[in-house]
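All remarks here apply to the structure that follows.
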Amino acid sequence: MKKIQSILKDKGTTVLFVSHSMSSVRQLCNKAMLLERGNIKFIGDTDTVADMYLNEEVKKEEEHIVTGK
């Protein structure tokens, strides 16, 4: 994590960081993209994208509990 943070401090550096860890995404990124089955669903500020992702995960979990699927 420290290595990535040091790279990001350099001006003009772009890093593509892929993760399901929203705490890491929030810590490292200032912009994020939400993908669904390989398609772009939303691009925006990190907190908005992370919240959308987490809300979708909760919905999936609730559906799994209700339907057993």
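Note on the range 55-69: residues that are assigned to a helix (DSSP H, G or I) and basic (Lys, Arg) amount to 2.
Return the pair list, or none, for Cβ contacts closer than 7 Å from residues in the range 34-58 that are within 19 Å of Leu16 (Cα to Cα) to residues that are in a helix (DSSP H, G or I) and open to solvent by 70 Å² or more (accessible area, probe 1.4 Å), at least 6 apart or on different chains. From residues that are within 19 Å of Leu16 (Cα to Cα), the pairs are Thr46/Arg26; Asp47/Arg26; Ala50/Arg26. Could you check, for the range 1-9, whether at least one of its residues is in a loop (DSSP other than H, G, I, E, B) and either over 12 Å from the mean Cα position of the chain (by Cα) or surrounded by fewer than 12 Cβ atoms within 10 Å (Cβ to Cβ) (or both)? Yes, the range 1-9 has at least one match. Only residues that are open to solvent by less than 90 Å² (accessible area, probe 1.4 Å), part of a helix (DSSP H, G or I) and not β-branched (Val, Ile, Thr) were counted in the range 13-54, giving 11.
The values are calculated or read from the model by the stated rules, or taken from the named source; none is laboratory data. This structure is a prediction, so every number in the text was calculated from the model and none was measured. No Cβ is skipped: glycine too gets one built from the backbone with ideal geometry, and neighbour counts run over all protein chains shown. Note: areas computed on protein heavy atoms with side chains; ligands, DNA, RNA excluded. Shrake-Rupley method; radii C 1.70, N 1.55, O 1.52, S 1.80 Å.
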